[in-house]
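Report on one structure; see the data block that follows.
Readers should treat all values here as calculations from the given coordinates under stated rules, not as data from a laboratory. Quick caveat, the model's predicted, so the values are computed rather than measured. Cβ coordinates were reconstructed from backbone atoms using ideal geometry, including for glycine residues, and neighbour counts include every protein chain displayed.
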Amino acid sequence: MNIATSNALMLTPNEAATYLNVTKNTLATMRYRRQGPDFIRLGKGTIRYTKKALDDWIEASTVHTGGTE
């Protein structure tokens, strides 16, 4: 994936946590456990998320119940 063309905007962990309605610590724990959305490491200690990665993670985490498709 070409991040520069598909996601010009990268979100900080604080911004990503706000977008997902979780705390920054929850997001850090998910990162540590490799259970959360994909992220980009830009050098030591600099983490960023793309909106697409967050949206993809939300979609993959969505539980579809009953009903017809």
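Residues that are buried (at least 17 other Cβ atoms within 10 Å of the Cβ), over 8 Å from the mean Cα position of the chain (by Cα) and in contact (Cβ under 8 Å) with a residue 24 or more places away in the chain were ranked within region 26-61; the one that is farthest from L11 (Cα to Cα) is I47.
Residues of region 10-25 that are without any contact (Cβ under 8 Å) to a residue 24 or more places away in the chain and within 9 Å of the chain's Cα centre (by Cα): A17 alone.
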